[in-house]
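The values are calculated or read from the model by the stated rules, or taken from the named source; none is laboratory data. Computed from a predicted structure; not experimentally measured. Cβ placement follows ideal geometry from the backbone for every residue including glycine, while neighbour counts extend to all protein chains displayed. When the accessible area is computed, the model is the full protein with side chains, heavy atoms only, and any ligands, DNA or RNA have been set aside. Shrake-Rupley method; radii C 1.70, N 1.55, O 1.52, S 1.80 Å.
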Amino acid sequence: MDVLLTHHILLAVCIGFVVDCIVGDPEKLPHPVRWMGALITVLERRLRRETDAPRKQQAKGALLVLCVCLVTAALSALAVWAAFRLHVLAGIAVESLMCAWCLAARNLCDASMAVFRALRNGDIPAARTAVSMIVGRDTAMLDAAGITRAAVETVAENANDGVVAPLFFLLLGGPVCGMVYKAVNTMDSMIAYKNRTYRYFGTAAARSDDAAGFIPARLCALAMIAAAFLLHFDGRNAWKIFRRDRYKHESPNSAQTESACAGALRVQLAGDSVYKGIVEHKPLLGDALRPVEAQDIVRANVLMYGAVLLCLGSFAAIRFCLTVCL
């Protein structure tokens with residue numbers, strides 16, 4: 001029992017990862033991200049006013065971020081405390097469930113593979129519909145290559161946002177820390193847009209997400225490069241493209257993993273995209289050493305899982321050593 005108490009976070013993260021890989025996130029079951037989204041929506045309605053001055057909008061956006069993080073931390077800590085008061089095994093079970101909720105490896109793989117199956121069957125309309133569920137860009141005019149690039153980019157970026165970054169915070173500070181990161185990431189996806197509505201109100205959410213993902217994104221990219229060597233992708237090219245292209249993105253984090261993935265697969269990603277009818281010009285990542293193909297979605301998922309397992313093993317080993325030493 002003493003061992004369980006000492007290593008309960010490490011055990012919960014490992015159990016949660018296995019649960020996520022097996023079960024994923026069934027749509028019919030409750031999920032904290034949906035509750036976070038509801039809280040963000042309620043607070044936005046009360047706080048955001050387009051008539052406010054830019055500084056006031058930024059201040060209100062920062063208040064929203066603070067409130068969501070505090071509520072998430074408080075409720076998560078209360079759930080863990082109550083479970084451990086009941087029994088240590090109940091506490092570990094609750095922590096494991098919260099860890100599984102923080103991770104999205106299975107959902108990311110399932111969603112991207114739905115795109116692959118549609119492309120493999122030659123059903124471009126179905127592939128466009130499938131990829132529209134996981135990207136923000138307009139997909140109605142995408143051809144097979146454009147659909148594939150969009151899916152591969154999503155897998156590469158969300159390998160960090162949806163899996164490695166949560167693992168990093170889960171093993172750093174337990175499920176409470178992981179849930180707070182999930183709240184920050186959810187706010188980024190909901191209100192951190194550089195459009196007329198959220199340009200100022202979403203500033204705090206965007207910067208919070210950039211700061212939270214800064215270290216994990218780079219660790220994930222390095223793990224992806226290592227996985228490329230181990231899984232017989234082009235590890236040398238992954239390192240080359242990562243060093244050259246990792247800052248070719250408006251976000252300080254997104255191109256880290258996308259450039260590594262592009263190099264490992266020897267394809268070119270990113271470039272111009274259309275959002276709500278408006279073309280956004282983005283730099284290309286990687287070199288077109290070969291044409292992109294539907295099978296690259298499968299390869300990207302293999303690379304993603306390889307990088308995730310390397311990160312999980314490394315983070316867990318560090319956590320174990322620190323626990324034993326301290």
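Key figures for this structure:
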{"quantity": "Listed residues Phe168, Phe242 arranged by accessible area, highest first, probe 1.4 Å", "calculated": "Phe168, Phe242"}
{"quantity": "Selected from Ala307, Ala150, Ala74 as most flexible by GNM, with the chain as the system and alpha-carbon contacts under 10 Å", "calculated": "Ala74"}
{"quantity": "For segment 125-249, alpha-carbon Rg over 2.2 N^0.38 Å", "calculated": "1.19"}
{"quantity": "Zone residues, segment 101-142, relative to Gln295, backbone N less than 20 Å from point 7 Å out along Cα-to-Cβ", "calculated": "112-124"}
{"quantity": "Relative contact order (%) - criterion: Cα under 8 Å, at least six apart; region: the chain", "calculated": "20 percent"}
{"quantity": "Per-residue SASA entry for Lys56, accessible area with 1.4 Å probe, Å² rounded to 10", "calculated": "110 Å²"}
{"quantity": "Label-to-label distance, nm, for residues given as Arg55 and Arg236 (7 Å Cα→Cβ offset)", "calculated": "5.6 nm"}
{"quantity": "Charge dipole (debye, nearest 20) of the chain; +1 at Cβ of Lys and Arg, -1 at Cβ of Asp and Glu", "calculated": "700 debye"}
{"quantity": "Residue-normalised accessible area of segment 50-145, expressed per residue, 1.4 Å probe, Å²", "calculated": "53 Å²"}
{"quantity": "All-pairs Cα distance distribution in segment 205-325, expressed in whole percent, bin size 10 Å", "calculated": "14, 39, 33, 12, 3, 0"}
{"quantity": "Solvent-accessible ranking of His8, His281, largest area first, probe 1.4 Å", "calculated": "His281, His8"}
{"quantity": "Solvent-accessible area of Glu50 with every protein chain in place, 1.4 Å probe, in Å² to the nearest 10", "calculated": "120 Å²"}
{"quantity": "Charge dipole magnitude, Cβ of K and R +1, D and E -1 - segment 1-116, Cα centre, debye nearest 20", "calculated": "660 debye"}
{"quantity": "Segment 138-154 and segment 226-298: distance between their alpha carbon centers, rounded to Å", "calculated": "14 Å"}
{"quantity": "Estimated distance in nm for a label pair at Asn121 and Arg244, the labels positioned 7 Å out from Cα along Cα-to-Cβ", "calculated": "3.9 nm"}
{"quantity": "Probe 1.4 Å - accessible area at Thr41, Å² to nearest ten", "calculated": "40 Å²"}
{"quantity": "Which of Val302, Phe214, Ala90, positive extreme of dipole for the chain (C-beta unit charges)", "calculated": "Phe214"}
{"quantity": "Rg and Dmax [Cα atoms of segment 194-245; Å; Rg one decimal, Dmax integer]", "calculated": "16.0, 46"}
{"quantity": "Evaluated over the chain, the Cα radius of gyration and Dmax, each in Å", "calculated": "20.0, 59"}
